[in-house]
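K.L.:
Questions regarding the structure given below will be posed in turn.
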Amino acid sequence: MKFGKALLLLTLSGAVFAPTQITFAQDSIEKAKAVRDEDGKYYDADGNPTFNIQPDGTVDWYTFSGYRRYHSDCHVCHGPDGVGSSYAPALVDSLKTMDYGTFLSIVAEGRKNVGGGKENVMPAFGDNKNVYCYMDDLYIYLRARAVGAAPRGRPPKKEDKSQAAKEQEKSCMGG
Ligand code: HEC
């Protein structure tokens, strides 16, 4: 009987919540659409950085770079490809609704959740160049993952790194 009840609940919540989630997903796909290209860096209609993935799977440079940075500094807690772990939330879900500004401030300042007897800490990366010089890369990659535009794993093909990206990196890492 217990099992039957759980099944019923699952069915009910599926029926109630699924349409909302679909609307969310379509919304965020629409919002994430690249409308402007500045030297290989793409922006949505609100002026926030976003990804651009071609039909043959070629990703923009920033999505590729974000993939690499994510897997060097974030995946140990947030799981491979942003799918989450028992320790830290799935960023592929967080970024379905989290805006760019909120993302930047959480990554720079960190966060501590001491609720429920567990202490899960998101470290502050505001003084870590390997992260803060690549904030947009991380955001762009995770955004692509969150709206389902980038599959799991290493992107097979990428656009070339632009001169602008090289200069930005040099001045941030060197300064
Ligand atoms: C030492 C483990 C650890 C590392 C490394 C880490 N995080 Fe976190 N992160 C956490 C935990 C734990 C939370 C949840 C904190 C909370 O509940 O307040 C979190 C929360 C977040 C959130 C908010 C998610 C939400 O749904 O509210 C973002 C965004 C985030 N992390 C991004 C990153 C990025 C980007 C990196 C890599 C640069 C990173 N994290 C590296 C542990 C980590």
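K.L.:
Being in contact with a strand residue (DSSP E or B) (Cβ under 7 Å, 6 or more places away or on another chain) and either assigned to a helix (DSSP H, G or I) or farther than 16 Å from THR63 by Cα (or both) is the filter here; which residues of the stretch 125-163 pass it?
P.N.:
To start, the set of residues in the stretch 125-163 that are in contact with a strand residue (DSSP E or B) (Cβ under 7 Å, 6 or more places away or on another chain) comprises 136, 139-140, 143-144, 149-150, 155, 157-159.
Of everything in the stretch 125-163, those that are in contact with a strand residue (DSSP E or B) (Cβ under 7 Å, 6 or more places away or on another chain) and either assigned to a helix (DSSP H, G or I) or farther than 16 Å from THR63 by Cα (or both) turn out to be ASP136, TYR139, ILE140, ARG143, ALA144.
K.L.:
Right, next: Out of ASN128, ASN113, which single residue is modelled with pLDDT under 95 and not small (Gly, Ala, Ser)?
P.N.:
ASN113
K.L.:
Mind listing whichever residues of the stretch 34-76 are within 16 Å of the ligand (Cβ to nearest atom) and small (Gly, Ala, Ser)?
P.N.:
Selection gives SER65, GLY66, SER72.
K.L.:
Specify the residue that is farthest from the ligand (Cβ to nearest atom); the eligible residues are those in the stretch 86-122 that are β-branched (Val, Ile, Thr) and open to solvent by less than 50 Å² (accessible area, probe 1.4 Å).
P.N.:
First, the residues of the stretch 86-122 that are β-branched (Val, Ile, Thr): 92, 97, 102, 106-107, 114, 121.
With the extra rule that they be open to solvent by less than 50 Å² (accessible area, probe 1.4 Å), the set shrinks to 92, 106-107.
On the way: VAL92: 10, ILE106: 5, VAL107: 5 Å.
Checked the stretch 86-122; the qualifying residue farthest from the ligand (Cβ to nearest atom) is VAL92.
K.L.:
Which one is nearest to the chain's Cα centre (by Cα) among residues in the stretch 125-153 that are closer than 15 Å to GLY79 by Cβ and surrounded by fewer than 18 Cβ atoms within 10 Å (Cβ to Cβ)?
P.N.:
Among them, the one singled out is ARG152.
K.L.:
Let me ask you something else. What is the one condition in (1) more than 23 Å from ASP37 (Cα to Cα); (2) part of a helix (DSSP H, G or I) that PHE64 does not satisfy?
P.N.:
So PHE64 meets the others, but not (1).
The values are calculated or read from the model by the stated rules, or taken from the named source; none is laboratory data. For clarity, every value in this text was computed on a predicted model and none was experimentally measured. Backbone-built Cβ (ideal geometry, glycine too); neighbour counts: all protein chains shown. To get the accessible areas, we keep the full protein, side chains included, count just its heavy atoms, and leave off ligands, DNA and RNA. Shrake-Rupley method; radii C 1.70, N 1.55, O 1.52, S 1.80 Å.
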